Amino acid sequence: MENSDVINRLLHTLINISGRKTTGGYAVSVMDSTINKLQSQYDFLKHIEIRDTRYVEDSNSISVMSDINSIPAENVGNALRDIISAVNQTLGRDAGHFFIREISSTLGDDYTSFMRDMGVDLGLMQLEHEVSELEKRISTIKKTRE
């Protein structure tokens with residue numbers, strides 16, 4: 001499995017899951033915006049093109065150039081982790097409480113294992129998200145009691 005395969009599969013998965021929770025157009029827009037924002041931090045993301053294909057016969061909305069395969073897996077893993085976090089944050093409540101777990105189950109064991117080798121542990125990311133949400137709720141409760 002190569003970096004481009006993993007990126008392509010993850011981005012399609014993110015768009016599909018996000019599109020079910022919002023709209024397909026919004027999901028593509030969020031993904032395109034996220035990739036563009038992260039390009040300043042991860043230059044190799046310029047080798048990814050996201051297209052809104054709702055009104056075009058070409059149904060492949062994501063192009064990942066093979067140049068990405070030469071990037072160290074750890075760097076790609078950092079970018080993937082940031083992409084997942086950014087999409088989850090942008091979608092907010094629309095993403096749902098178990099958004100990252102849904103990504104993991106949709107990707108399947110081969111991809112999640114490969115991503116774990118890249119430094120992206122989706123189980124840990126889900127746990128961190130749950131802890132963060134719990135901290136926010138506790139903080140809100142404390143403020144209302146004061």
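Tallying residues that are of a type outside the set (D, E, K, R), touching a helix residue (DSSP H, G or I) at 6+ places or on another chain (Cβ under 7 Å) and at pLDDT below 85 within segment 51-65 yields 2.
Tally the residues that are of a type in the set (Val, Ile, Thr) and over 14 Å from the mean Cα position of the chain (by Cα), restricting the search to segment 90-146. Steps first, answer last, please.
In the first step, residues of segment 90-146 are kept if they are of a type in the set (Val, Ile, Thr); the result is 90, 100, 103, 106, 112, 120, 131, 138, 140-141, 144.
Then keep just the ones that are over 14 Å from the mean Cα position of the chain (by Cα); that gives 131, 138, 140-141, 144.
Adding up the residues that qualify gives 5.
Out of curiosity, is residue 13 closer than 26 Å to residue 124 by Cβ, in contact with a Ser or Thr (Cβ under 8 Å, 6 or more places away or on another chain), hydroxyl-bearing (Ser, Thr, Tyr) and at pLDDT 90 or above?
On the way: closer than 26 Å to residue 124 by Cβ: yes; in contact with a Ser or Thr (Cβ under 8 Å, 6 or more places away or on another chain): yes; hydroxyl-bearing (Ser, Thr, Tyr): yes; at pLDDT 90 or above: yes.
So residue 13 passes the test.
Is segment 63-84 home to any residue that is closer than 21 Å to residue 28 by Cβ, in contact with an Asp or Glu (Cβ under 9 Å, 6 or more places away or on another chain) and of a type in the set (Ser, Thr, Tyr)? Yes: segment 63-84 contains one or more residues that are closer than 21 Å to residue 28 by Cβ, in contact with an Asp or Glu (Cβ under 9 Å, 6 or more places away or on another chain) and of a type in the set (Ser, Thr, Tyr).
From the list 70, 85, 66, 61, the lone residue that is of a type outside the set (Val, Ile, Thr), touching a residue at least 40 places away in the same chain (Cβ under 8 Å) and exposed (fewer than 12 other Cβ atoms within 10 Å of the Cβ) is 66.
The values are calculated or read from the model by the stated rules, or taken from the named source; none is laboratory data. The shown structure was predicted, so the numbers you read here are calculated from the model rather than taken from an experiment. Here Cβ is always computed from backbone atoms with ideal geometry, including for glycine, and neighbour counts include all displayed protein chains.
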